[in-house]
Each structure stands twice: as structure tokens, then as C-alpha cells.
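What follows is a short report on a single structure.
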4 protein chains.
Amino acid sequence: MIIVLKKNATASEIASAESNVRSLGYEPHTIRGAVRTIVAAVGDESANASLEALSVHPFVDRIIPIQKRYKLISRESGANPLVVNVCDHQIGNGNFHIIGGPCAIESYEQMKASGDGALAGGAHFVRGGAFKPRTSPYDFQGMGSEGLDILARFRKEAGCPIVSEIVSEGDIDAMLPMVDVFQIGTRNALNYSLLQAVADTGKAILLKRGMSSTIEEWLLAAEYIVKQGNPNVILCERGIRTFETATRNTLDLGALAVAKQETNLPVFVDPSHAAGRRDIIPALAKAAVAAGADGLIIEVHQHPEQALSDSAQQLTPEDFKELVDDIRPFIKVAGKSLA
Amino acid sequence: MIIVLKKNATASEIASAESNVRSLGYEPHTIRGAVRTIVAAVGDESANASLEALSVHPFVDRIIPIQKRYKLISRESGANPLVVNVCDHQIGNGNFHIIGGPCAIESYEQMKASGDGALAGGAHFVRGGAFKPRTSPYDFQGMGSEGLDILARFRKEAGCPIVSEIVSEGDIDAMLPMVDVFQIGTRNALNYSLLQAVADTGKAILLKRGMSSTIEEWLLAAEYIVKQGNPNVILCERGIRTFETATRNTLDLGALAVAKQETNLPVFVDPSHAAGRRDIIPALAKAAVAAGADGLIIEVHQHPEQALSDSAQQLTPEDFKELVDDIRPFIKVAGKSLA
Amino acid sequence: MIIVLKKNATASEIASAESNVRSLGYEPHTIRGAVRTIVAAVGDESANASLEALSVHPFVDRIIPIQKRYKLISRESGANPLVVNVCDHQIGNGNFHIIGGPCAIESYEQMKASGDGALAGGAHFVRGGAFKPRTSPYDFQGMGSEGLDILARFRKEAGCPIVSEIVSEGDIDAMLPMVDVFQIGTRNALNYSLLQAVADTGKAILLKRGMSSTIEEWLLAAEYIVKQGNPNVILCERGIRTFETATRNTLDLGALAVAKQETNLPVFVDPSHAAGRRDIIPALAKAAVAAGADGLIIEVHQHPEQALSDSAQQLTPEDFKELVDDIRPFIKVAGKSLA
Amino acid sequence: MIIVLKKNATASEIASAESNVRSLGYEPHTIRGAVRTIVAAVGDESANASLEALSVHPFVDRIIPIQKRYKLISRESGANPLVVNVCDHQIGNGNFHIIGGPCAIESYEQMKASGDGALAGGAHFVRGGAFKPRTSPYDFQGMGSEGLDILARFRKEAGCPIVSEIVSEGDIDAMLPMVDVFQIGTRNALNYSLLQAVADTGKAILLKRGMSSTIEEWLLAAEYIVKQGNPNVILCERGIRTFETATRNTLDLGALAVAKQETNLPVFVDPSHAAGRRDIIPALAKAAVAAGADGLIIEVHQHPEQALSDSAQQLTPEDFKELVDDIRPFIKVAGKSLA
């Protein structure tokens, strides 16, 4: 870290800064600049105590961290896996995968029709939520354990990997049998207790970015999972909250590009939640492919006009199939192959 | 709700919109405007199915909700309590309360010195976290159950109400004996599973606003708790995430003012997390009092420069006492009384 | 507009709302809902006085506009041009164009090398700024009129259309001879005096989105220009300001998609300013093409490491050529043709 | 500045970084850390060329500036004035001033009634806009030169200082006779051409913060004015654009507090534009006083329900008087005196 001192720091204040740095386990290197003095603290920031406490001193202007705070998932470390295996699919490493399916499980018939529709349209995995974190307590909250039973039946019949959101540690055991990829939603993106508990299952985790998480916070959330011993993390950019209201969120493909630079983890994009309106989902889906995404997660519902949640952004199976057909050439020129 | 049709909607499309509205349990009132036709759907939006699904139709431009989505906590409903009782304190209703104490419990000595310091400085309640949700998995995560033991001992000696953050449903039982007010932190502000589980304890809940929650989302989170049968909610504005980086968050006192208009719940302000830097905490604390806050929560640590978390924003007991003395006249002219 | 009344509005208050609506030139249609009464005001919102003034009355909860505020550029109006002609180029209508060149003009040699480099790499137009609005008054502010002379010389030799930013009405006359497309930068995106004055020249205008402009504000800024009698507007999305700091701005391709839905104006994308860092410019450029952009504007400098502004985001001519080659297949599968 | 090198930078890359630093006029100090090597560049950052260009090199991870970019207005420099004199008023230095008056000049009668009402209510200065930058070209744009005539007449009769917004360099001469304080609005907060031209008049300038300006950008805009030789700058916080829509903007009193720490310039607050709704203006006004503001600017209109702009946020003279009376005790306990 760099400790920037106030403009008129005295010699004894500089000495005090140096001794503080030393007592925290770092080696101080002091540089007297034209205008300010800085003290560079040499040492492994992740191993030693934080120097931020030095900001307490009135002669300190500010503290600047140098090291990146994620290690295990860092491309620089080279240690993280390039692919996440789910059933017989290798996610990442040039393969492009699509997750399709309804926002929420509403009945067996709806799950069956929507899930089969997604598969027929080109999806590799099927999503469907039994537990829905909704902004209002008066909105449909999901079918809960009954929904899980439907999911289990659908999975048995369709034989395909299932992606489903988990919102409580208490649901892990119930979900384990019928869920192949645990989805962490945007509202729980910084719920570290949940992240650690789900990580312990060893299953693949689709980690959505928090709606107001910085890229660094998103990657550190992934680091929580990997540090727990579970390397099977799929990052998912789904739009961030900004001042713009014409779309539900603002899709941040720069975050996708930065995440690909910083880590070797596969990165998916969720154009459905980013848009919040079906008319621009195709444009965002193509853009995500072109920007280097490893996959997409898209909401598909047999009858969006009857959906109990997210009706404005779910595609019919027909529209979904058309979308997948439209993005095929983009996947190809992006150098990826659709499994 | 209002269904706004596209500019050139045909007669049959208008009829279709009307029949859809009817089938969802509402009475349609169609108004042909100079440029557009709108269909007003009359009926209780919270009781009937959501009309948002109508946005599926290509002739619909957009759907506009009219009703407010919170009911139990609404000032219009008049049904919610004006005060939250914690031990022998009546929070709200013209009383002003201060919560002080360290960010995290680090040892018995630290908790004792910091908590006693806060009490000596004028705090009515003492805060201290045993579980700390930290952005990096390499940062201090709190002492856990050992911290709870320290909290229990401190509470026994000091005899004052304790405020402590809960981050997992699994910790409720362990925390019940020594916690008087459960704090829901900003990262769990939309963790509805946790909100409901904590609500079931019946204890008072200090509900921080999510760092990117709208006022409506924040109030609906409170509605989740009250709907669960627990009316003891204290709202807490703690700053929102914006583009500004000179402060840790942007304190939104407009949200405090709006919340006071919309509900009868007491509203606290956390200037420590809003500022993230100790030099401007007094200015924000005074502003919160003047804007109508019912209380403050402020981080106090015996030795901020040794703190294992939030060192930059914790006040010494001396600085805290000075701050409380400084805000006394503001509390008085704001028409509130310091208990 | 819709006037939503407070929950307990009395009969006389409703009558007052109706009479107010009438006096402002609208026809009131009152609908008594299950919970609230609303008054729909029928009439052309753009022709009549604004009903927003009604929010003054204590019985009014809020006012909701129904009509879109832009008319001339609206796709619904069908009246706006599909192409913008610049020299012999038809911008829009399936053609894809690229603007390349340095952020600022620094010398004849630099402009010549960078501009020729951009052209050799595939640019159709060359950019170069003589007037630079810089955050700090101590940063390089552009060469001013001397820069315009260089631009004129370069244009004469290269024979290609020139795009250059204008920051003051006072510079219009001096810039007219050597500028083919006036660029309005993000800081002046809501400077309506400048927009109108530049519109009066009749020349094509590249209108960047303000860094915190909503899509509606951006389109209304275009409406200002077209209303002035100049239909030659090229919209340009260049990223918005959000909480994320890993990129200079957050590229909002949803805004591109919405603008394409709402208007027939061509829309360009500026990945250089969105990224602020050269490593992710290619990813964002490809994404923009896939999302439906009609063109790109990219900063190219012969020696980025010596650039007096925006050095971190300017590409060398070699990197620019590689980028253009990389995006060619994306342009093709997007159904557009590179002129 | 600090140049942070990539993790595996070689000896020759480090040498290259050092030589580059030297060639830009700085002295390099290289520190080999546990994980990364950094090169501290010693020299006056405001005098030498920017080191940001070094980010071009592939072995550079990032560049971190150390110095603050504003000098003349910096509290550290100690050189800036403590008060701004307007007519016989000393703004700043413990005095508290209030600007009241209508958003826009609509007629002589309206200006007279509203302005006199503001003065009767306790305003020291009267505001009124002849030029209104409106989001839509179909909204009232102000009366222009006719408005200036009304302003001149009002000023002659009322004998009080006038604050009025300027939106174009071309209006300076016409406004000089009847304007005592030029207001720079939020849309022109980064319009440096306008700032410099208005600075040249030597008159006092009320500089509003751009709706998405960081505190640093806001202070640098003030630096532009002072560097031009005009020290009479009054900063004005008026709310920033965030995701929250319940208020027009989010008032950032942390920015007020930081600006007071960083500079000696007086800082005003505009609760009217921050709120955008009259019900919470009093709360925000009191909060601004308590946070240390040197003054307020508040919109006052004789008949808000007939106002041609900002009707939702203008106060009647009666409400304004009540507000001023309500904040008097807050001004007193804040240690300021109302002139």
C-alpha cells in the first residue's frame, strides 16, 4: 500500500508513519516528493494486517492499495480452472452454452412446456425457480418445495442439467437432488454466508453480479466460493442499477470484458434481466456473444402473458428459437462453438 | 394500473386489451386520448393478479402502476405503531436515541472499553458485530460465537440494550439471548428469507437500506417484516452507492424525509457508513438530526487505529462524546428530546 | 396525463382537479378506483400547457405523463430521414461507417500520421479535436485556431470528411470551412444554446449522449436539433457514469437498442470513451456492431504514449487496423455493409 | 504519480518504466514489493507532462495520481478568499444568506410579486431566470431579453442583488447591467468556455455542481474560474443523479462537507432542485444548514400552480417565510448569523 501524507507533514510525523508501517508487518520506503511525502509499505497485503487503520492519523491524507484482493481466481495466478464441468458439458474453453427456461415454476404443465420449449429452441440447460425473491411481499414468492418436486420430475424426463436459484442456506439439502447448477441471484450476490454454504456442496454455481456490485466485489464474491474449495464458478453479468429507467438494468459488457481479462472463469450474460423488456433482448444477446461471453441465460415461458413474474421479459419458445438461430453466426465469428 | 396502448392501436386491439384486463379481475375504463388510447384497470392491485403480463401484447406500449405497494407500514393506512419499544426505551414519537459502539467485537477488553466509552459519551444502545460480512474473504470476518459470548458478558455488566448484525438464519438462536435489536445490514437488505426469519423472533429490527435500494424497495423490505407479524421495525438510512468516490456512500437525507412522509416508522441515520471517513461524520450527523431523524447509529472504537475493520470511520470515545454534545442543540431545535 | 389523487380525496377535491384540468385545455375523465381516484386528462400534451402544475394541490399524489415528448425524431411519426449524407457517404440505412483519428490535434505531423493511419486501417472519416474540454484547467486544452489550420491542411490532402468537436458558439464560423460533421461532446450534450446554434449551420451533427443523460433526454436533445430545421443528426452512445470505476464509463448498449426502436436516426458507438482503457476496446466495438450500431468512432494516435490527452485509450494505427479487420465478420453477420 | 507494474515485470521492463518517467521530467523511485514492483515518480504533477501516457506499455498495470489537481481554491494553499462580496453582502465567513425567487421570469407582475414575496420572507437576494435550459424543446424556454428588461425594472425598484442563470456566452453583455451574481446551472457545470467567459466579467458566480459531477470535477470547475482571475466563486450543491426516482435528485451533503474541508470557498445548497417536490424542501433546507452551508437558494413563486416551469418544487411566499422562520434556530446553533 501507499500511505500519502498531508502536504505539510513534519519529520516526526513521517517517522511515526514509518514506525506504524513497520509494526503492522510491512517494510516502509519513504519518498519525499515535490509536494507531498509518501510512504510505500512493502509486504504481502493479503497476508499482513491492513494498513487502512493508518488513516486514523491526522497527518495521513489517504491510503492507496496496490495489490489486487482476489488471488485464487486471478489470471495472474494461473491456478484457476478453465472449464466448469456440469454433467457432460464443459463450460468455458471455447464452448458456448445457453440456459433457457421460465423465471418461476408455476405448475408441472408450465414447467414442462416452457422447459421443453427452451430445449427445442437450443438451450443446453433449463432454468426454473422454486424460490423467488420478490420486491413486494404481495407478489408471487415461488412454489417452494412443491416447485422442487416439479423440477425433479422435469429433470427426470428431460434428462438435462437444471439451473435453479437458491435464496436460503436452509434450502440446500432439499435442492441438492434436482439441481445441477445453483444460481446465486443479484440480491444475494454479497450474502457471503449463503455463498460459503452453497460452495460446500461442491456443485457448480452461477454467480450473478450484484445490481450495485463493482467488478472487484463481484470477483471477490467468486473468490469466497473458490477459497471455500469449490472452483466451479460461472460468473454472470446481468446489468447494474443506474439512473436509466428505460431498461430494467444497464447491461455492463465492459464488466464482462474486464472479468475475462482478470480471471479464467467462464462468464455468462443474462440479457433478460438487463433489458426487462423483450424487444431489446436479441440486441443484447448478440452483443454479449460478440463481447466474448461463454454463454447466455434467457427466460423462456410458454405463455409469457400468463407468467406470475417477469412477464415483460420472458420469451415464447418460438421467439427464443428465433433468437438462438440469430445468434448462431455471431457465436461462430466470435470463435466459439455451440455445443 | 394504466395500460398505455401503442399510437396506432386498432379497435380490435383495444377490445383485446379490455378483455384481458377483465380476465385478470379488473374493470377496464377506456379513454381515447388525442394521441393515444389508455385503458385504466380499476381494482385492488394488491389483491388481483398483476396486469404487468399485458406488456406481452405488441399493441401495449407500457403499464403504469397507480397504487403504492406497501400497505401495513403506510402512513395512509394509519395502522402502524408510532414507537418501537426496546427494553425501557420508546424509539420514535419525539424521542431521540443514539446507538454507539465498535464495528466489530475484537476482544472482551476492546468491546468493554469501546462500549463503555460509547455509553459515557451519550449512547443509549451499544452496537458490536460478531459476524462481519466483508467484501474480501481475506478480511477479518468477525469472532463468531466467541464474539457473542463477549457480547453477553458486556450486556450483563453494562445492562444496556445491544444492537448486533445478523447475517444468517442459522445464527438466530445463538444471538437471541444477548441481542435486543437485530441489525439487518445493507448487503442483506433484500435477503427476504433472512428478514422473515428474524421477523419471527418478534424482536426489534434495525433495517438498513440496501446500498442500491430505492426508497420503495426499502419500505417494501420493512413491509415483509411487518407482514410477518412483527411491527418493531426501525428504518436506517446509511447512504447509497453513486458515482462519487470521495465518500464511501452518498447519504440520502431526502430518503429519510420521504420515509417520514410515507410511513410512521422511526427512521435512524448511520453517518459513519455514509461518510466512510471520520472528518465529515459530525456534519452528516447534525444534518440527519435537522432533517428529522429519530436516532443515529455511530461507530465508536477505543483505538480506531487498531480496529480490524472500518478503521477509517470509527470515532474515539472522546470524539464521540464531543459529537453528541455538538448535536444536543440541534436535537432540541428539531423538537426532539434526548432520552 | 394522469392525475393520481391522494387516497382520501373528497368529492369537492375531485371536482377541483377536474376544473383545473379543463382550465389547462384538457378534457378530464375521472375514474374512481378501488383505492384511489384518478383523473385522466385528454388532449395533446405537447400543444397544451403542462399539467404538472397540478401537483401543487395537496390532494394530488402525483402526475404521470403518457405521451412521449419527442415527435420529429420518433419512429412513430415516420417523418424523420433514414440516412444522413456526409460528402458522398450515406450514414445509416444498412451502411456501416467508422470514424478514426486522434483525440486532439497536437501538431501537423501528429495529425497527418494519425489521420492517415486511421484511413489506412479502414476509417471513412477522420476525427481530431482543436478544442478540448478538459476536467482540469492545467491539462492540455487543445491548439485552438492553430489546430483548425492543421485540420484544414489535412483535409485538403486526405480529401476525407472531418469530424471535430465544437465547445462554443463562438467557434462555429471558424470551424465551418474544415469540418464536415460537428461533434457535440458529452459535457455539452444538454447545452441547448450550442445545439441550436450548430443546428443552424445545416451540417451533420454527431450528438454524444451526456454522461448522465437518460435516453429520453438524449433523444430530446436530438429533437432540439431537428426542430431547428436540421435533420442530419447521428446519435452516439459513449457510456454513462455509474458507480463502476474499472472502466471510464459504462457502455449502455441497451440505450443503443432503445434508440433504434424509438427513432430512425443512425446511432454510432464510441467504445474508446466507454472503456477508457485500450485492452477492452475491441470487445466493446464488436458488441456495438452486434447490437445494431450504424458506426463506430474510435481514437487512433500514431504514438499513444506521447498523446497529450486520453493516452490510455488511444489505439496505434496497427491496433486500429487489426480491430477493423476483426469486426468485419461481425458487421457482415449483423446484416450491414462496410462502405 | 505511482506507476504500478504488472506482476511479472522483467528487469528490462522496470528499466524502461524508469527511463520513461525520467524523460517526462520526473525522478523515478523504484520499490520492489512482495508481489509487485512500483515506480514512484517524484516531481510536480501539475507542472510536468502527464504520466498517464505510460499506461500504454503492456508491463504497466495502472497509474495512480497522488497530488490534488486544484491548487488555487485549495485550503492547503491558503490563498483563496474567505468571503465573496456582493453589493454590501459578505458571503461566507460565518454569515448566512438566502436567495429566493421564481424559477423563471414569466411577467413583470409575476416577478414583482414573487420577488417581493421572497424578500418579505427573508431572502437577501432574488433569483429569476430569463433563459431556461429545458429538457424538451417544447417546454417554456424563458422570456429571453424581455425577461432581462423585467429583471432590470425589478432590481431598480427592489434595490437588491439579483442572481440569474446564464446559458450562453452570447448573453453576457446583455445580462451585465441587471445581474449581480451569475448562476451557472447544472447542465453547463462542465461548459468550460462559458465558465471562462463569465469569469472574465469579474462578477460573483454561483457555480452549481453538475448533476453527475464528482466533487473533484466540481472543484476543478471552480478552479477554472479562479485561474481566470476571478476569485468570487460560490459553490452550490444541488443534488446528483442517482438511481432513486422518489426525489428529483439526491442531495449530497457529504459533498458540502468535503468541499468545506478542501476549500475556503462559500458553499450554498439548493434544496428545491434536490427535492423536486415541495413537501421535503424544509427537511433538506434544515439539513443543509446543520451540515454547514453558507446559504440556501430556494424557488419562490407567487402562484406555483400557474408556474411555467418547476411548478412542483416552488414555494409560495407564505410557505417560504415559514421555512425561513423554521430554519432560524438551526442557523443559530450552527454558529452562523443571518445577515
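Some points to look at:
- Members of the range A:132-144 found to be within 14 Å of A:Asp310 (Cα to Cα), open to solvent by less than 40 Å² (accessible area, probe 1.4 Å) and more than 8 Å from every other protein chain (Cβ to nearest Cβ), listed by number: A:Lys132, A:Gly142
- Matching residues in the range A:68-99 - criterion: being modelled with pLDDT under 75 and not small (Gly, Ala, Ser): A:Glu76, A:Asn80, A:Pro81
- The range A:52-68, residues that are closer than 19 Å to D:Gly33 by Cβ and either in contact with a helix residue (DSSP H, G or I) (Cβ under 9 Å, 6 or more places away or on another chain) or surrounded by fewer than 19 Cβ atoms within 10 Å (Cβ to Cβ) (or both): A:Glu52, A:Leu54, A:Arg62, A:Ile63, A:Ile64, A:Pro65, A:Gln67, A:Lys68
- Strands (runs of 3 or more DSSP E) within the range D:169-287 that include 1 or more residues within 14 Å of chain C (Cβ to nearest Cβ): D:181-184, D:204-208, D:233-237
- For A:Val269, the conditions (1) in contact with a strand residue (DSSP E or B) (Cβ under 8 Å, 6 or more places away or on another chain); (2) buried (at least 24 other Cβ atoms within 10 Å of the Cβ); (3) at pLDDT below 95 all hold with the exception of (3).
- Checking each residue in the range A:309-332 for being touching a residue at least 12 places away in the same chain (Cβ under 8 Å) and within 25 Å of the chain's Cα centre (by Cα) picks out A:Ser309, A:Asp310, A:Ala312, A:Gln313, A:Gln314, A:Leu315, A:Phe320, A:Leu323, A:Val324, A:Ile327, A:Phe330, A:Ile331.
- Some residue of the range D:187-194 being open to solvent by less than 10 Å² (accessible area, probe 1.4 Å), in contact with a helix residue (DSSP H, G or I) (Cβ under 8 Å, 6 or more places away or on another chain) and in contact (Cβ under 8 Å) with a residue 40 or more places away in the chain: yes
- Test: residue in the range A:205-220 that is open to solvent by 10 Å² or more (accessible area, probe 1.4 Å) and over 23 Å from D:Thr242 (Cβ atoms): no
- Failed item in (1) closer than 17 Å to D:Thr201 by Cβ; (2) open to solvent by 20 Å² or more (accessible area, probe 1.4 Å); (3) assigned to a loop (DSSP other than H, G, I, E, B), with D:Arg155 passing the rest: (3)
- For the range D:166-184, the criterion of being within 21 Å of C:Thr135 (Cβ to Cβ), within 11 Å of the chain's Cα centre (by Cα), in contact (Cβ under 8 Å) with a residue 24 or more places away in the chain and open to solvent by less than 20 Å² (accessible area, probe 1.4 Å) is met by at least one residue.
- Verdict on D:Gln110 being open to solvent by 40 Å² or more (accessible area, probe 1.4 Å), at pLDDT 85 or above and either under 29 Å from D:Leu207 (Cβ atoms) or assigned to a strand (DSSP E or B) (or both): no
- Residue among C:Thr250, C:Thr263 that is touching a strand residue (DSSP E or B) at 6+ places or on another chain (Cβ under 6 Å) and open to solvent by less than 10 Å² (accessible area, probe 1.4 Å): C:Thr250
- Test: residue in the range D:15-29 that is at the interface with another protein chain (Cβ under 8 Å from one of its Cβ atoms) and part of a loop (DSSP other than H, G, I, E, B): no
- C:Leu72 meets all of the listed conditions (1) open to solvent by 50 Å² or more (accessible area, probe 1.4 Å); (2) more than 21 Å from B:Pro65 (Cβ to Cβ); (3) within 8 Å of another protein chain (Cβ to nearest Cβ); (4) hydrophobic (A, V, I, L, M, F, W, C) but one, namely (3).
- Whichever residue in the range B:231-247 is open to solvent by 10 Å² or more (accessible area, probe 1.4 Å) and more than 19 Å from B:Ser212 (Cβ to Cβ) and, among such residues, is farthest from the chain's Cα centre (by Cα): B:Pro231
- Checking C:Ala17 against (1) touching a residue at least 24 places away in the same chain (Cβ under 8 Å); (2) open to solvent by 50 Å² or more (accessible area, probe 1.4 Å); (3) of a type in the set (A, V, I, L, M, F, W, C), the condition it does not meet: (2)
- Complete set of residues in the range C:304-339 that are charged (D, E, K, R) and in a helix (DSSP H, G or I): C:Glu305, C:Glu318, C:Asp319, C:Lys321, C:Glu322, C:Asp325, C:Asp326, C:Arg328, C:Lys332
- Residue in the range C:257-268 that is free of Cβ contacts under 8 Å to residues at least 60 places away in the same chain and among the polar types (S, T, N, Q) present: no
- Output for the range C:145-168, where each listed residue is more than 20 Å from C:Glu109 (Cβ to Cβ), more than 11 Å from chain D (Cβ to nearest Cβ) and among the β-branched types (Val, Ile, Thr): C:Val163
- With respect to the conditions (1) surrounded by 19 or more Cβ atoms within 10 Å (Cβ to Cβ); (2) more than 17 Å from C:Val42 (Cβ to Cβ); (3) aliphatic (A, V, I, L, M), B:Ala11 lacks only one, and its number is (1).
- D:Ala290 being closer than 23 Å to D:Gly129 by Cα, crowded, with 24+ Cβ neighbours inside 10 Å, facing chain B (nearest Cβ under 7 Å) and touching a helix residue (DSSP H, G or I) at 6+ places or on another chain (Cβ under 8 Å): no
The values are calculated or read from the model by the stated rules, or taken from the named source; none is laboratory data. Quick caveat, the model's predicted, so the values are computed rather than measured. Cβ sites come from the backbone with ideal geometry, for glycine too, and all protein chains shown count toward neighbours. Remember, those area values only see protein heavy atoms, side chains included, never the ligands or the DNA or RNA. Shrake-Rupley method; radii C 1.70, N 1.55, O 1.52, S 1.80 Å.
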